[in-house]
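So the structure is just underneath, and the comments pick up after that.
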Amino acid sequence: MKPIPGDCGHTFFGPFRDRLAYFYHEGRDKFFENRIQKHKSTIIKTNMPPGPLIASCPRVVCLLDAVSFPVLFDTSKVEKRDVLDGTFLPSLAYTGGHRVCAYLDPSEPKHTSLKSFILSTLSARHHKFIPLFQTGLSELFNELEAQISSKKEAYFNTLSDTMSFNYVFRLFCDKSPSETRIGFKGPKLVDKWLLFQLAPLGSLGLLPNLLCYFEDILLRTFTFPFFLVKSDYKKLYDVFYEFGSSVLDEAESKFGIERDEACHNLVFLAGFNAYGGMKVLFPGLIKWVALAGQKLHKKLADEIRTSVEVEGGVTLSALNKMVLTKSVVYEYLRIDPPVPFQYGKAKVDFVIQSHDAAFEIKEGEMIFGYQPFATKDPKVFENPEEFVGDRFVGEGEKLLKYVYWSNGRETEETRAGNKHCAGKDLVVLLCRSNGGGAFPSL
């Protein structure tokens, strides 16, 4: 048993020092690497952004290895109440005054009904997952080719955002957003709503100079007021309320959730969880596969084309035969998880272990896990910084228990009583479907 090493410094100046190092002087990965080397430990104490004045207590116990990280999934030891965004909670005005499901701990009564509602909504639409995504991919690549043909260039991320929002809206509302009053503005409306909530956790990537200090003061002294995006959020709320009526009917009749609260949860699910995740997910997947080299590209193309030909299309049966494609998706989720941070507050005193030491965590302490370090742990994964497409093929499947991207182990199931991502299986399916549509053309 050892005391947890680390230096949080003065209550005010310590967090200010650490966030300048985190955003500007060292950068995110170097910030953690330097402290691991300094303290000779993968469990340390430090401060996490945003700090004062937004977060009164930025001190955390930081977990940076594959052994200690999973304690954040154990809701008998850690509380997940209001920790989605870390040490601060955005104004509830951004969610209509409701603490949506993502903010709730499983011990809270509303969590089970809201999570069950979300799981039921997804389950009822499982037959639409692949057909709608095929439509979206077709539209994306047609537009991509059209722009390249006419302008000699195209920005993939913007087109991917449009495809992602259209997919989510069609899935929940059975209508294209272009046929509603928001038209083609959906992605921009959600982007603005997300930006104003999460601004204290971000940066423009400025070099350490006077401008970075100005940015730090601007983003992390006070949160942005909701009224700046109130009209944008109302447009989103209104279209989901109108066209998501079948989903909201089920929330009221089957789960006893008030219609207004169900709609705010639906907007959060569609905008923050689904679209916000896809916004990072799909461009990242294409990037890592593109960088993996022609040898992997050929293997993927051969596997995908063979499976599609045998099954007569990109079907669930065809996807299940694409063993390498599935491994590539898991490898991407391992090396570059779309949500790199996890938080939880200790419910009780308990002992946590790293690879080579044990530490005592006290009740009430905030625990923070930086997932890329856990899923690139060199004591678990060989060549952890290298993208190995077939890492999870054959015997490699045993390593899936160390893939944590979905707020839980990849080998565990999502339930109404845990905080595992409700769309975990859908995300993997869409990434594999993305492979079926995009990888052969690389």
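Among the residues of this structure, Phe282 counts as one that is open to solvent by less than 10 Å² (accessible area, probe 1.4 Å), at negative phi and either in a helix (DSSP H, G or I) or not polar (S, T, N, Q) (or both). Restricting attention to region 104-119, the residues that are modelled with pLDDT of 95 or more, open to solvent by 20 Å² or more (accessible area, probe 1.4 Å) and assigned to a helix (DSSP H, G or I) total 5.
For the structure I just gave you, tell me whether Cys101 is in contact (Cβ under 8 Å) with a residue 24 or more places away in the chain and open to solvent by less than 20 Å² (accessible area, probe 1.4 Å).
When the stated conditions are applied, Cys101 passes them.
Scan region 129-167 for residues that are of a type outside the set (D, E, K, R), open to solvent by 80 Å² or more (accessible area, probe 1.4 Å) and part of a helix (DSSP H, G or I) and the total you get is 5. May I ask you to list the residues in region 363-384 that are open to solvent by 60 Å² or more (accessible area, probe 1.4 Å) and either in contact with a Cys (Cβ under 8 Å, 6 or more places away or on another chain) or within 30 Å of Pro50 (Cβ to Cβ) (or both)? Scanning region 363-384 gives a single hit, Glu363. One residue alone among Thr306, Thr325 is in a helix (DSSP H, G or I), without any contact (Cβ under 8 Å) to a residue 40 or more places away in the chain, more than 30 Å from Ala251 (Cβ to Cβ) and among the hydroxyl-bearing types (Ser, Thr, Tyr), and that residue is Thr306. Within region 231-242, residues that are in contact (Cβ under 8 Å) with a residue 24 or more places away in the chain and more than 17 Å from Arg170 (Cα to Cα) sit with their Cβ atoms under 8 Å from residues that are assigned to a helix (DSSP H, G or I) and open to solvent by 70 Å² or more (accessible area, probe 1.4 Å), at 6+ positions apart or across chains, in these pairs: Asp232/Lys192. When every residue of region 28-35 is checked against the conditions, none turns out to be open to solvent by less than 30 Å² (accessible area, probe 1.4 Å), among the acidic types (Asp, Glu) and part of a helix (DSSP H, G or I). When Ser41 is tested against (1) farther than 30 Å from Pro106 by Cα; (2) polar (S, T, N, Q); (3) open to solvent by 20 Å² or more (accessible area, probe 1.4 Å); (4) modelled with pLDDT of 95 or more, exactly one condition is not met: (3). Among the residues of region 333-362, the ones that are of a type in the set (A, V, I, L, M), more than 12 Å from the chain's Cα centre (by Cα) and open to solvent by 60 Å² or more (accessible area, probe 1.4 Å) come to 2 in all.
The values are calculated or read from the model by the stated rules, or taken from the named source; none is laboratory data. Please read all numbers here as calculations on a predicted model, not as lab measurements. Backbone-built Cβ (ideal geometry, glycine too); neighbour counts: all protein chains shown. Accessible surface is based on the protein model in full, side chains and every heavy atom, while ligands, DNA and RNA are left aside. Shrake-Rupley method; radii C 1.70, N 1.55, O 1.52, S 1.80 Å.
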